[in-house]
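What follows draws every value from the coordinates through simple rules; no lab data is involved. In this text, all values refer to a predicted model and were calculated from it rather than measured experimentally.
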Amino acid sequence: MSEERAVYRRALAGVAIAIGVIAATGIATSWVLGGAGAAVAAAVGAGAAAIAGLATPASMLVGADRPIAAFGAVVSGMWLGKMVFLVAVIVVVSRIDGFHRQPFAWTMLAGVVASLAVDLWAVRSSRVPYVTPNSM
């Protein structure tokens, strides 16, 4: 396995762990503060954050061994897909009467921010060169 693929796997695992912790914390806190409905809203927010957060390292892992144009297409397509997904989720939950919006929003926001932080950490701590040595 190349170092590049290892970075993407590390990011994928890190995002999964971070969002799992955020989901558990958000659901438990929401249950205590707002009851079962708030806990369900937090779970929906964590699920949306998980799908959005895991999409980036997963798409990079899929495109890692492809030519640069294909890699860009995979990553860009996944980014567009997750933006459409997030907007659709927000539109759907905004139309549900009695849906606890705050636990949903805070849990989703925490998950998305955590996934960005993990992605940044994984890339910054990697030792992948920008260019292939002796390629010129």
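List of remarks:
- Candidates V75, V62, V87: whichever shows maximal mean-square fluctuation once the chain is modelled as a Gaussian network with Cα springs under 10 Å: V87
- In the chain, one over the average inverse separation of all distinct C-alpha pairs is 16.0 Å, which is the Kirkwood hydrodynamic radius.
- Choice from P57, P67, P103 with maximal GNM fluctuation in the chain (Cα, 10 Å cutoff): P67
- The phi-based Karplus calculation (6.51 cos²θ - 1.76 cosθ + 1.60; θ = phi - 60°) puts the 3J(HN,Hα) values of the stretch 22-32 at 5, 4, 4, 5, x, 5, 5, 5, 5, 4, 5 Hz, whole numbers, x for Gly and Pro.
- Considering only G98, G45, G14, the mean-square fluctuation computed in a Gaussian network model of the chain, springs between alpha carbons under 10 angstrom, is largest for G98.
- Were the residues from L116 through A13 laid out at 0.36 nm apart, the gain over their Cα-Cα distance would be 35.8 nm.
- One chain, two ends: V75 and R124. Fully extended at 0.36 nm per residue, the span grows by 15.8 nm beyond their Cα-Cα distance.
- Full extension of the chain segment joining I96 with A6 gains 28.3 nm, where the gain is 0.36 nm per residue of separation less the Cα-Cα distance.
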